[in-house]
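Take a look at the structure set out below.
Please treat every number below as a calculation from the coordinates, not as lab data. None of the values given here were measured: they were computed from a predicted structure. Note that we place each Cβ from the backbone using ideal geometry, even for glycine, and neighbour counts take in every protein chain shown.
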Amino acid sequence: MTDDANKMWGGRFAAGPDAIMEAINASIGFDQRLARQDIEGSRAHAAMLATKGIITDNDASAIREGLLTVLSEIETGTFRFQTALEDIHMNVEARLTELIGEPAGRLHTARSRNDQVAVDFRLWVRDQCDAAHAAIVALQRALLGQAETGADWVMPGFTHLQTAQPVTWGHHMMAYVEMLGRDAGRFADARARMNESPLGAAALAGTSFPIDRDATAKALGFDRPMANSLDAVADRDFALEFLSAASITAMHLSRFAEELVIWSSAQFRFVTMSDRFSTGSSIMPQKKNPDAAELVRAKIGRILGATMGLFTVMKGLPLTYSKDMQEDKEQVFDAADSLMLALAAMEGMVRDMSADPDALRAAAASGFSTATDLADWLVREAGLPFREAHHVTGRLVAMAEAEGVDLPDLGLDQMKTAHQAITSGVFDVLGVDNSVRSRTSYGGTSPEQVRVQIARWKERLA
Ligand code: ARG
């Protein structure tokens, strides 16, 4: 072995790597983010080795003290990461060797970087599931605040972005609370499934040392050890599940962000975004741009890209570990950062924004939004089959459109030309307030139903 060969695995090597080899091979540039998890895993492993008599107590305590020193060096920024040492595992171990000497070399007994990296990354992703869950709940609370304020503010409900039926602001906010509730559930489910320990799978086949995998699993907060050593080192489902949950959440955030962009435009004026989450234009002095919402809308691109990226990395790999799998981390890191930022920005925007109940109401009243109420009235009060009621209402809408007025502006005589059975009672259902108040079916938009859902969620998130 020359001086150039790798100190960790260079025994059979006569020469060190080409510079390009080192560049493509090294992951320390990004996997240093796993430092804390790496040291946690090593501490659990060393303690177990001592308990089982595989290393001495003295060695174990030297290792423990040394690892704590390494951790504090990393946290205070004095640690010198070296590309020649490839990755976080070997950077930590090399420094440990400098600090404590020979016992450091015993730490890697009954372990491989294959199970080591699987442990580190799982611990990291597990933390991210918890963080995403908490950030989603914070956003839900902000939405609940908006929903409570405007539980009975009438606004247009849309399909095809065309005015459909009047709904309430509270109802619209609560739709996102529901979506985000499923998102939080996906992170919780993923976390529960990933919470098994790969440690002790060693390179791929397990080990002949009398290790205690239950003990290390428990020390690291895992529910149990993974039951198949090949699976343990080959599996990245946990990262894919995280990315999938993140993608769906980001898609929801993107839809909401799109609504905020539309709603804050001069043509809609449904909401005013706070200055804190807007920017100006360097040329047009009147502009206040919803940049935060636009960037939240865009984050799905990176997050979904990361998801596709990791699926593509994994799809053709034979069992068990292949170096391809080193490409699993950067995209997960980036997706997690993007998601957390998007959630925080959305929470801030929702807390700060103010909806304009008058603008919402005016928009709700236009666009023949109560046409369905009129058709329903014809069914209920005049006994028409719904299909015929739909047709009659359509004629009235055409009439109103031709005159450039809204449905309630048509006179009773005009109404009667569409169907004789229409009486003045019909005007009761043409107002937007009556329309939303009438939608009392479970999950419907009536303020009464909306308040039921707000109360349910407040209890659930308490
Ligand atoms: N840096 C590697 C990774 O991220 C660690 C595992 C290396 N294992 C190996 N057999 N070369 O995947």
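Relative to the longest principal Cα axis of the chain, at what angle does helix 386-403 sit, 0 to 90 degrees, rounded to 10? Taking the Cα atoms of the chain, the angle to 386-403 is about 80 degrees. Working note: Debye formula, equal point scatterers on the alpha-carbon atoms of the chain, no solvent; log10 I(q)/I(0) at q = 0.08, 0.10, 0.12 Å⁻¹ is -0.64, -0.83, -1.03.
State whether the stretch 1-140 is rounded, prolate or oblate according to the following rule on the C-alpha gyration tensor (a ≥ b ≥ c being the square roots of its eigenvalues): a/c under 1.5 gives rounded; otherwise a/b larger than b/c gives prolate, and the remaining case gives oblate. Since a/c reaches 1.5 but b/c is at least a/b, the shape of the stretch 1-140 is classed as oblate. Placing +1 on the Cβ of every Lys and Arg and -1 on the Cβ of every Asp and Glu, with nothing else charged, gives the chain a dipole about its Cα centre of roughly 500 debye.
Taking other residues whose beta carbon is less than 10 angstrom from the beta carbon of Asn91, and scoring Lys, Arg as +1 and Asp, Glu as -1, yields -3. Helix 371-382 and the long axis of the chain differ in direction by around 50°, with both axes built from C-alpha atoms.
When the charge dipole of the chain is built from unit charges on Cβ atoms (+1 for Lys and Arg, -1 for Asp and Glu) and taken about the Cα centre, the candidate among Val429, Met349, Pro103 whose Cα reaches farthest toward its positive end is Val429. With Rh defined as the Kirkwood radius, the inverse of the mean 1/r over Cα pairs, the Rg/Rh of the stretch 254-297 is 0.95.
The shape of the stretch 144-190 comes out oblate: with a ≥ b ≥ c from the C-alpha gyration tensor, a/c is at least 1.5 while a/b does not beat b/c. In whole percents, the pair-distance distribution calculated for the stretch 277-432 from its alpha-carbon pairs, binned every 10 Å from zero, is 9, 22, 14, 13, 19, 14, 7, 2. For the stretch 92-115, backbone nitrogen atoms closer than 12 Å to the point 7 Å from Gln82 Cα along Cα-to-C-beta are found at 92-99. Extending 7 Å from the Cα toward the beta-carbon at both Thr69 and Ala5 defines two label points whose distance is 2.9 nm. What pairs in Lys288/Lys329; Lys288/Lys458; Lys299/Lys323; Lys7/Lys52 have C-alpha atoms more than 32 Å from each other? Among Lys288/Lys329; Lys288/Lys458; Lys299/Lys323; Lys7/Lys52, the Cα-Cα distance tops 32 Å for Lys288/Lys329; Lys288/Lys458. Seen against the Cα atoms of the chain and their longest principal axis, helix 447-461 is set at about 10 degrees.
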